[in-house]
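Step one of this worksheet: look at the structure below.
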Amino acid sequence: MRKILLASALCATLAGCATVEPAGTAQSSQSLAAAQAAFQQIQWGFLQPYIGHLYVNDDGDWLQVMADPAQGALAIRLYTANNLRDSSAIRLLVRPTAQPDTYHMLIEQSGMFSDDQATIRFDESGRMKILNGSLNDLQLSLADAAAHFSYRASAASFHMRPKPLRRDVYTLPDGGTIPVSLDPASPYQQLRAASPFGIWEQSVGQTFVSRIVLLKIDKDDAGNLVFQYSLPDGSNPGREVFQAPSSTDPRALRVLSMPNRPAGSFDSRQLTLSADDRLIHRFTGTENIFTYNGDYLNIYINRGDSIRIMSRAQGPDDDSPSTGNNIYLPVTRERLAAAMENRERQQVERERDRIYAQRRAAERAAESQATTNAILSGLASGFQQANQSNQRMAQQSRDFERDLNQKLRQIEQQKQQRDREAAAHADRIMAANAAAAQTRAASAPTSTASSPPQRTAAAAPAASASAQEAQRKQEEQRKAEEARAAEQARLAKEKQREEETRRKAELARQEQERRTQALLDHLAAERRAIRLQAAQCPAKGGLPSVIGIRPRVQPKVANCITVHFEARCPADRPGTGMIGSIWAYNGMGNCTETGDLPRKLACDVREAVVEVTNVTTCQ
């Protein structure tokens, strides 16, 4: 069974993971300061305003433009998630040349014997042009609000198909936005710098809702970050607790508990909080140290007005991983009412699937047993029983469909009551969210006086970011509509599949009916055609026997038959004679195939009357 594991370099692939270098390889603070000072003197031309930018999309792909003072270069990192099944990334090192707005670009570890590199420049629209050299089909464009890339590796099998991206933004409590930037001097980095949990601190006390699940961000008395999950009615609660890292030891960040997993039942293989506040947790089970215990990955992204949780899970018995990409939005009356309705529908659909499975199993068992009974008995009454059983099953199916539709109609009819309950619950949550925001604002340091200049300095990109935020919300609405359409299509397809299953079952029933009727007709024809007579065969102790012939009845449905008979004298009434049978009757017409009689006849055997009373299959 194939097992898929992430490469050990996953941390390097994802954004800005904190790492601890061995003391022998760490750069001294003096050399690092010198490198940073030298980097500040570089004229980056077209690329200067893009330093620190982060571009993303809803599929988890991203593009970073980061300063790398140690190499005197800009590092442009491209990451494609591929639904977290087979993610890949490349790193571009960019250095200026003597010509203005012209750069030398190198794709690290791209070739088998050497790295791909070329001289490039960007046109007025931000599209990269290759002047000389080769970058192996790399396509790249940069703008303030959007970016785009694609790539085909020469020394590997992965492709980065075209990825449209938007500028990543964080939404503040007052509804304003600031760009998510990796530049240490940016407003975003200043906002997150005060807390060991970065921007997640800004959401403490806030509750969000996905399609079905509620998520509250909180902190416990020990200062740990807590994710509290529950269904809209508060049932099925779960907690995920993260211990804070320290400034001297980022590895102090650890997961203390997880929902639906007892303590000690998971082992964290990677846990990082990136500079853009992606919380990344990769773990495995601990059931058996000698076997494969699964591989799991969760990525949490907080953007103020939304929390995205991407996941990949492959259990010990799974041939391939399952993935998820869920968006949580601040609680409103409409969203909570929709979540409650989705939960009710989910319960009905799960119950429907469970009953369907039980009913299909019962139908198959009943049809198989009834058909077996019909064939074994060789009687029309057996077939009638099978037909009656099929009719009962069909009526049960119709009753179930009626009950299911009635439950779904009840969900629709109860919408007003549910909306009232959701509104009351949502009002309580929104009041708690507002109180938490006020408490956080009141306890914030007096650095608020410096925040207006930061917001003013970021006004131009923030305006563009606002447009991108509106575009993002439109995209989310579009995806929600697509999800609803996909759900309706799934239900229609499931109904079509069920109808096809019933149609096939009906065809199978009809075919079985045809075969059963053909068998009954054949046995009746055999009964009419077979001729038996009494005979005195040797080695029978003087007792008479029954022999006969078997004409060729076509079509020949039953190969092996048993002939049942009655032997009597002409003066005896029918039904008063001796009965017997000949198993596996072939109609040899002589003493090599006989049915023995238990006593002598009162008349000469040549005068005896032998009638065929029934013909059945040998089984």
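The values are calculated or read from the model by the stated rules, or taken from the named source; none is laboratory data. As the structure is a computational prediction, the values presented were derived from the model and not from experiment. All Cβ positions, glycine included, derive from the backbone under ideal geometry; neighbour counts span all protein chains shown. These accessible areas exclude ligands, DNA and RNA; they are computed on the full protein's heavy atoms, side chains included. Shrake-Rupley method; radii C 1.70, N 1.55, O 1.52, S 1.80 Å.
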Pairs, first under 17 Å from M340 (Cα atoms) in segment 213-225, second assigned to a loop (DSSP other than H, G, I, E, B) and open to solvent by 60 Å² or more (accessible area, probe 1.4 Å), C-beta under 7 Å, six or more apart
none
Among the residues of segment 337-352 satisfying the criterion of being at pLDDT 80 or above and either touching a strand residue (DSSP E or B) at 6+ places or on another chain (Cβ under 9 Å) or over 30 Å from T207 (Cα atoms) (or both), which is surrounded by the fewest Cβ atoms within 10 Å (Cβ to Cβ)?
A338
For segment 555-619, which strands (runs of 3 or more DSSP E) that fit wholly inside it have 1 or more residues that are touching a residue at least 60 places away in the same chain (Cβ under 8 Å) and touching a helix residue (DSSP H, G or I) at 6+ places or on another chain (Cβ under 7 Å)?
609-617
For segment 538-563, which residues satisfy the criterion of being open to solvent by less than 10 Å² (accessible area, probe 1.4 Å) and over 60 Å from the mean Cα position of the chain (by Cα)?
P544, S545, V546, G548
Do we have R568 as open to solvent by 30 Å² or more (accessible area, probe 1.4 Å) and of a type in the set (K, R) here?
no
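Restricting to segment 533-554, give me the number of residues that are of a type in the set (A, V, I, L, M, F, W, C) and free of Cβ contacts under 8 Å to residues at least 12 places away in the same chain.
Residues that pass the stated criteria total 1.
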Can you name every residue in segment 520-532 that is open to solvent by less than 20 Å² (accessible area, probe 1.4 Å) and touching a residue at least 40 places away in the same chain (Cβ under 8 Å)?
L523, E526, I530
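Would you mention how many residues in segment 257-283 are surrounded by 15 or more Cβ atoms within 10 Å (Cβ to Cβ) and touching a residue at least 12 places away in the same chain (Cβ under 8 Å)?
Here is the first cut: in segment 257-283, the ones surrounded by 15 or more Cβ atoms within 10 Å (Cβ to Cβ) are 257-258, 261, 266, 269-283.
Then keep just the ones that are touching a residue at least 12 places away in the same chain (Cβ under 8 Å); that gives 257-258, 266, 269-283.
Of the residues in that region, 18 qualify.
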For segment 159-175, does any single residue satisfy the condition of being within 24 Å of M66 (Cα to Cα), surrounded by fewer than 17 Cβ atoms within 10 Å (Cβ to Cβ) and charged (D, E, K, R)?
yes
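Consider V610 carefully, then state whether it is at pLDDT 90 or above and under 30 Å from T516 (Cβ atoms).
On the way: at pLDDT 90 or above: yes; under 30 Å from T516 (Cβ atoms): yes.
In short, yes.
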Please tell me if V56 is β-branched (V, I, T), in contact with a Leu (Cβ under 9 Å, 6 or more places away or on another chain) and either under 24 Å from Q471 (Cβ atoms) or open to solvent by 50 Å² or more (accessible area, probe 1.4 Å) (or both).
yes
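If a residue has to be touching a strand residue (DSSP E or B) at 6+ places or on another chain (Cβ under 7 Å) and either among the hydrophobic types (A, V, I, L, M, F, W, C) or within 26 Å of I130 (Cβ to Cβ) (or both) to count, how many in segment 83-99 make the cut?
Keep residues of segment 83-99 that are touching a strand residue (DSSP E or B) at 6+ places or on another chain (Cβ under 7 Å), which gives 83-85, 87-97.
Subsequent filtering for residues that are either among the hydrophobic types (A, V, I, L, M, F, W, C) or within 26 Å of I130 (Cβ to Cβ) (or both) retains 84, 88-97.
Final tally of qualifying residues: 11.
So if I check each of Q48, Q41, Q64, which one is over 16 Å from A147 (Cα atoms) and either surrounded by fewer than 19 Cβ atoms within 10 Å (Cβ to Cβ) or within 43 Å of the chain's Cα centre (by Cα) (or both)?
On the way: Q48 fails: over 16 Å from A147 (Cα atoms); Q64 fails: over 16 Å from A147 (Cα atoms).
Being over 16 Å from A147 (Cα atoms) and either surrounded by fewer than 19 Cβ atoms within 10 Å (Cβ to Cβ) or within 43 Å of the chain's Cα centre (by Cα) (or both) holds for just one of Q48, Q41, Q64, which is Q41.
Name the residues in segment 485-506 that are closer than 30 Å to R335 by Cα and modelled with pLDDT of 75 or more, would you? Walk me through it before giving the result.
Looking only at segment 485-506, we keep the residues that are closer than 30 Å to R335 by Cα, and these are 485-495.
Within segment 485-506, A485, A486, Q488, A489, R490, L491, A492, K493, E494, K495 qualify.
Do you know which of the residues in segment 102-123 that are assigned to a loop (DSSP other than H, G, I, E, B) and either at pLDDT below 90 or in contact with an Asp or Glu (Cβ under 7 Å, 6 or more places away or on another chain) (or both) is surrounded by the most Cβ atoms within 10 Å (Cβ to Cβ)? Let's see the steps before the verdict.
At the first step, the residues of segment 102-123 found to be assigned to a loop (DSSP other than H, G, I, E, B) are 108-115, 123.
Checking the rest, the ones that are also either at pLDDT below 90 or in contact with an Asp or Glu (Cβ under 7 Å, 6 or more places away or on another chain) (or both) come to 108-115.
Working: E108: 13, Q109: 12, S110: 22, G111: 14, M112: 8, F113: 5, S114: 8, D115: 12.
Of everything passing the filter in segment 102-123, S110 is surrounded by the most Cβ atoms within 10 Å (Cβ to Cβ).
Which ranges mark the strands (runs of 3 or more DSSP E) fully within segment 129-208 that have 3 or more residues being at pLDDT 90 or above, touching a Leu at 6+ places or on another chain (Cβ under 8 Å) and more than 25 Å from A244 (Cα to Cα)?
Numbers: elements: 139-142, 146-152, 159-167, 169-171, 177-179.
Of the strands (runs of 3 or more DSSP E) lying wholly inside segment 129-208, those with at least 3 residues that are at pLDDT 90 or above, touching a Leu at 6+ places or on another chain (Cβ under 8 Å) and more than 25 Å from A244 (Cα to Cα) span 146-152.
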What is the one condition in (1) over 31 Å from the mean Cα position of the chain (by Cα); (2) loosely packed, with under 13 Cβ neighbours inside 10 Å; (3) at negative phi that L191 does not satisfy?
(2)
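Scan segment 311-336 for residues that are crowded, with 21+ Cβ neighbours inside 10 Å and either under 18 Å from Y229 (Cα atoms) or of a type in the set (F, W, Y) (or both) and jot them down.
Y328, V331, L336
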